[in-house]
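Following: one structure in structure tokens, then a few remarks.
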Amino acid sequence: MELLRLNDIGYETADAILLFAGNHLIFPASRLVARVLERIGFDVPKGYEALRKFIESGLPKDLFSYKFFYASSLVTTKVACRSSNPDCLGCPISNICCMFAYKQASNIP
């Protein structure tokens, strides 16, 4: 793939360019998306290709779904689902989140 030959362009960035600029039906697998999926209870596979295929297998096969899920997952990690000190009370998906339920049951702020 030509994009991967450019400096500082990895698989996720290349796939994001293909999805958003090129309208290719390919999901940019991200550790941030993986974090959201793990916290809501999915057993997320390791490795870029395995993660990409796992996510793609659960999404409708259309550009809107791929773009919306990727973008909304990234926004969720930026505003609430941070790697350390997540803001579970401010999270838009706390109602389905295992980490939020655990923190509530354990009385952890």
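Readers should treat all values here as calculations from the given coordinates under stated rules, not as data from a laboratory. In this text, all values refer to a predicted model and were calculated from it rather than measured experimentally. With ideal geometry, Cβ positions are generated from the backbone for all residues, glycine too; neighbour counts draw on all protein chains shown.
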Tabulate in residue order the Karplus-calculated ³J(HN,Hα) for the stretch 91-100, using 6.51 cos²θ - 1.76 cosθ + 1.60 with θ = phi - 60°, rounded to whole Hz; enter x for Gly and Pro. 7, x, 10, 4, 5, 10, 9, 5, 5, 4
With θ taken as phi - 60° and the coefficients 6.51, -1.76 and 1.60, list the Karplus ³J(HN,Hα) couplings across the stretch 8-23 in order, rounded to whole Hz; mark glycine and proline as x. 6, 9, x, 4, 4, 5, 4, 5, 5, 5, 4, 5, 7, 8, x, 6
Where nothing but the Cβ of Lys and Arg (+1) and of Asp and Glu (-1) is charged, how large is the charge dipole of the chain around its Cα centre, in debye to the nearest 20? 240
